Amino acid sequence: MVVKLHIIFFDSSFEDLIIENQENIEFEEVSFHFFGCVINEINISRIQSKNISIHFASSILSGKINANHLKGVSFNNCLLKDSIFLINQNNIDISYTEENIFPLVWKKVLRKLRVKSFLEAVPESQRYYIDSAKKISYRTNEVKRDKDGVYYDKYQRNSYYKIGYYLNPDERELLNISLSIDYTQENEDVLTKINNSYLNSLSFSGYSGGKVYVENCKVENLYIREYSSKGETTFFNVGPLGLVEKENKIEIYKSNLDNTWFDDIDFTKFKIVSFYRTKFGKAVFTSCAFPNDYTSFDKFKSLENVHYPDKKSDSYYKNQYEIFLQLKSMLESTGNFYESQKMQAISNEALKQIKHISSWDKLILWINGKSNNHGLSIKLPLMYFFSFSIILYIIYLMSLGRMFNKNDVDLNLVGYYFSFIDITHRVDFLANKEEFNPISLCVDFFNKIISGFFIFQFVSAFRKYGKK
């Protein structure tokens, strides 16, 4: 026979709440439930028995829970009075589920806070600080309905649960929740899952020994600082909330991404993407979108502190260049030559910004960038080829007196243009040698050089997917 003990607090207020347990409890399971409560400050640090779990639902609270013997702690549809610290926990479950929003319960909670609306009760920021937890689950269940707002459920018997509420998209974003997770080797984690959630910021740091999954999330700011993982870390379909007034960003700082997989991430939607002293190792990028040119790629930075984007180190462009090369290598390893070619072009543009690069090398990089975008564009060399060759052909004809000389128009000159752009043509393809002059000879010579250069640039860009 399994004997369980449930201690339930409903519609209660606590200025300071301390939970202590100094001896083992004989029950199979002991659980504390706080429903519709306001807890100004909670402190749980002395727990001896390993069968105790604590659950908060539709409540407002803040404080610290630091007890490694707790079986688990959960939060459902809770608001934080600024922040809560969860340290050395075995199992943390945080959820926001629309099917469990009950206006009558929240009406009592708001009355305790002496506010009239739910929006007044939502703080400017809510922060979950998680340190050294073994299992972490954070999820949002968004009900897919045509309408939002209040609804009635005729199947519920309890009057508190008959009236429900569905959030609209703006209300979901107003929750302004930040989640910060710090891993340690002393209390090695097993699994972290963050699904279908809206977060103002998501932070990872430390050494993760387990598996980490972040999937189908809207995250305004993603911070990965001094992070490495033994198990697999996966970011799938992660993008910003898209709030106009905020500068969304991704920061990866002094991290080892050896076992990290970025899947279906559109980096173009973030305003700043910073990689600083980061080792990519065997990181994998699949179905990710990157900007198409260096101007757009300027959002890819190498900053010591992403909050100060204008503060750049002396080696900023050198770091940026090496980051792009690492990204190119990672993309090539997965067969994504389309994006890897762009990385090669962008790295060349960054190389051009490095001070100690010689002027001749910068000139070569500039010419390659303008002529075929470092091997990416076949349009540019074609455009320049015909533009320069037509102009030079007109000058060539003028030097020979075959154009703008008040004579009848000779349509055969149009056909001779194709002989002119043939870099192997004879010098006398159009006129006898005695008709030549220094200008016509120079123009013909330079045309062969310029045409040959743009033909080579065209072929080089055309073969970009055949290069190894």
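The values are calculated or read from the model by the stated rules, or taken from the named source; none is laboratory data. Not measured: the values here are computed from a predicted model. Neighbour counts are summed over all protein chains in view; Cβ atoms, including those assigned to glycine, are modelled from backbone coordinates with ideal geometry. Side chains are part of the model used for accessible areas, which takes the heavy atoms of the whole protein and leaves out ligands, DNA and RNA. Shrake-Rupley method; radii C 1.70, N 1.55, O 1.52, S 1.80 Å.
Structure data summary
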quantity	calculated
Test: residue in the stretch 247-263 that is surrounded by fewer than 16 Cβ atoms within 10 Å (Cβ to Cβ), aliphatic (A, V, I, L, M) and either modelled with pLDDT under 90 or outside any loop (DSSP other than H, G, I, E, B) (or both)	no
So residue 332, is it without any contact (Cβ under 8 Å) to a residue 40 or more places away in the chain and either in contact with a Phe, Trp or Tyr (Cβ under 7 Å, 6 or more places away or on another chain) or surrounded by 15 or more Cβ atoms within 10 Å (Cβ to Cβ) (or both)	yes
Members of the stretch 413-445 found to be open to solvent by less than 40 Å² (accessible area, probe 1.4 Å), outside any loop (DSSP other than H, G, I, E, B) and not aromatic (Phe, Trp, Tyr), listed by number	413, 440, 443, 444
Near pairs, Cβ below 6 angstrom, 6+ apart or cross-chain, from the stretch 220-242 (over 17 Å from residue 274 (Cβ atoms) and in a strand (DSSP E or B)) to any residue that is open to solvent by less than 10 Å² (accessible area, probe 1.4 Å) and not hydrophobic (A, V, I, L, M, F, W, C)	229/208; 233/260
Top-ranked residue in the stretch 17-32 [being among the charged types (D, E, K, R) and in a strand (DSSP E or B); ranked as surrounded by the most Cβ atoms within 10 Å (Cβ to Cβ)]	29
Condition check for residue 59: surrounded by 20 or more Cβ atoms within 10 Å (Cβ to Cβ) and closer than 16 Å to residue 32 by Cβ	yes
Members of the stretch 339-366 found to be of a type in the set (A, V, I, L, M, F, W, C), under 28 Å from residue 267 (Cα atoms) and free of Cβ contacts under 8 Å to residues at least 40 places away in the same chain, listed by number	351, 354, 365, 366
Subset of the stretch 338-368 (residues that are surrounded by fewer than 17 Cβ atoms within 10 Å (Cβ to Cβ) and either in contact with a Phe, Trp or Tyr (Cβ under 6 Å, 6 or more places away or on another chain) or small (Gly, Ala, Ser) (or both))	353, 354, 358, 359
First in the stretch 306-324 and in contact (Cβ under 8 Å) with a residue 40 or more places away in the chain and within 19 Å of residue 279 (Cβ to Cβ), second anywhere and of a type in the set (Asp, Glu) and buried (at least 20 other Cβ atoms within 10 Å of the Cβ), Cβ under 7 Å, 6 or more apart	306/251
Of residues in the stretch 369-378 being crowded, with 18+ Cβ neighbours inside 10 Å and assigned to a helix (DSSP H, G or I), the one nearest to the chain's Cα centre (by Cα)	369
Qualifying residue in the stretch 302-321 (condition: of a type in the set (Gly, Ala, Ser) and in contact with a His (Cβ under 6 Å, 6 or more places away or on another chain))	no
The stretch 213-233, residues that are open to solvent by less than 20 Å² (accessible area, probe 1.4 Å) and either among the basic types (Lys, Arg) or over 27 Å from residue 174 (Cβ atoms) (or both)	227, 229, 231, 233
Failed item, numbered, when residue 381 is tested on (1) assigned to a helix (DSSP H, G or I); (2) more than 30 Å from residue 328 (Cβ to Cβ)	(2)
The lone exception for residue 30 - which of (1) in contact with a His (Cβ under 9 Å, 6 or more places away or on another chain); (2) closer than 26 Å to residue 180 by Cβ it fails	(2)
Per-region count, the stretch 185-202, residues at pLDDT 95 or above, buried (at least 21 other Cβ atoms within 10 Å of the Cβ) and either of a type in the set (Val, Ile, Thr) or farther than 14 Å from residue 239 by Cβ (or both)	2
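Yes/no per residue for (1) without any contact (Cβ under 8 Å) to a residue 60 or more places away in the chain; (2) closer than 23 Å to residue 368 by Cα; (3) of a type in the set (S, T, N, Q):
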{"position": "386", "(1), (2), (3)": "yes, yes, no"}
{"position": "391", "(1), (2), (3)": "yes, yes, no"}
{"position": "422", "(1), (2), (3)": "yes, yes, no"}
{"position": "439", "(1), (2), (3)": "yes, no, no"}
{"position": "447", "(1), (2), (3)": "yes, yes, yes"}
{"position": "458", "(1), (2), (3)": "no, yes, no"}
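Residue by residue, here is whether (1) under 22 Å from residue 103 (Cα atoms); (2) surrounded by fewer than 19 Cβ atoms within 10 Å (Cβ to Cβ); (3) of a type in the set (Asp, Glu) holds:
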| position | (1), (2), (3) |
| --- | --- |
| 34 | yes, no, no |
| 40 | yes, yes, no |
| 53 | no, yes, no |
| 66 | no, yes, no |
| 72 | no, yes, no |
| 84 | no, no, no |
